[in-house]
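Report on the structure given below.
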Amino acid sequence: MNFLQSKTWRWLALALRIVLGAIFIYAAYLKLHESWRLFAMSIESYKILPSMFWVQLAARTLPWLELLLGVWLITGLWLRGSATISALLLGGFFSLMIWAAVKGLEIDCGCFGPGERISWTTLVRDGSLLTAALLLTAWSYYGRRRARIEEETA
């Protein structure tokens, strides 16, 4: 039995699911609790969306997506999909933060609503979350593939 099939890894995957899910729910709560307009200002400061329509759409929908992902991750419903979307979303956020840091932009990251500047701390935190999401995604695909192989050989 390899590590990805071990009981230790299953417990670790459960912990990753709960931690990532709780962080997504917390981030969504903060953005929904504050005005979506404040979150829109954080999004707009990256200067990547072509118009205010897209900025406002992102500010109104991203928190709901984060909330849904958090619930899916914690409950384990649609694990492969929610883990994959989480990894893609965190990868996108992390890439934008790196881009902004390299450009020297002193802007809010928008991670937990307004008021948190991009810094080495936010980069390490979000990089760690991305790593956790990638591990969970790999594990969810590996587990499904392994189960299918075992069914075919039985």
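The values are calculated or read from the model by the stated rules, or taken from the named source; none is laboratory data. Since we're looking at a predicted model, the values are computed, not measured. No Cβ is skipped: glycine too gets one built from the backbone with ideal geometry, and neighbour counts run over all protein chains shown.
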**Prompt:** Restricting region 13-52 to residues that are more than 18 Å from Gly92 (Cα to Cα) and either touching an Asp or Glu at 6+ places or on another chain (Cβ under 7 Å) or of a type in the set (S, T, N, Q) (or both), which is surrounded by the fewest Cβ atoms within 10 Å (Cβ to Cβ)?
**Reply:** Ser51
**Prompt:** Can you find a residue in region 101-110 that is surrounded by 14 or more Cβ atoms within 10 Å (Cβ to Cβ) and farther than 17 Å from Arg125 by Cα?
**Reply:** yes
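Out of curiosity, is Leu62 within 23 Å of Leu136 (Cβ to Cβ), in contact (Cβ under 8 Å) with a residue 60 or more places away in the chain, surrounded by 16 or more Cβ atoms within 10 Å (Cβ to Cβ) and in contact with a helix residue (DSSP H, G or I) (Cβ under 9 Å, 6 or more places away or on another chain)?
No.
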**Message:** I'm checking my understanding of the structure. Among residues of region 30-59 that are farther than 20 Å from Met97 by Cβ and in contact with a helix residue (DSSP H, G or I) (Cβ under 6 Å, 6 or more places away or on another chain), which one is modelled with the lowest pLDDT?
**Reply:** Trp36
**Item:** Filtered residues of region 100-145 (kept if small (Gly, Ala, Ser) and part of a loop (DSSP other than H, G, I, E, B))
**Value:** Gly104, Gly110, Gly115, Ser119
**Asked** Looking at (1) of a type in the set (A, V, I, L, M, F, W, C); (2) closer than 15 Å to Asp126 by Cα; (3) assigned to a loop (DSSP other than H, G, I, E, B), which is the one condition that is false for Met97?
**Response** (3)
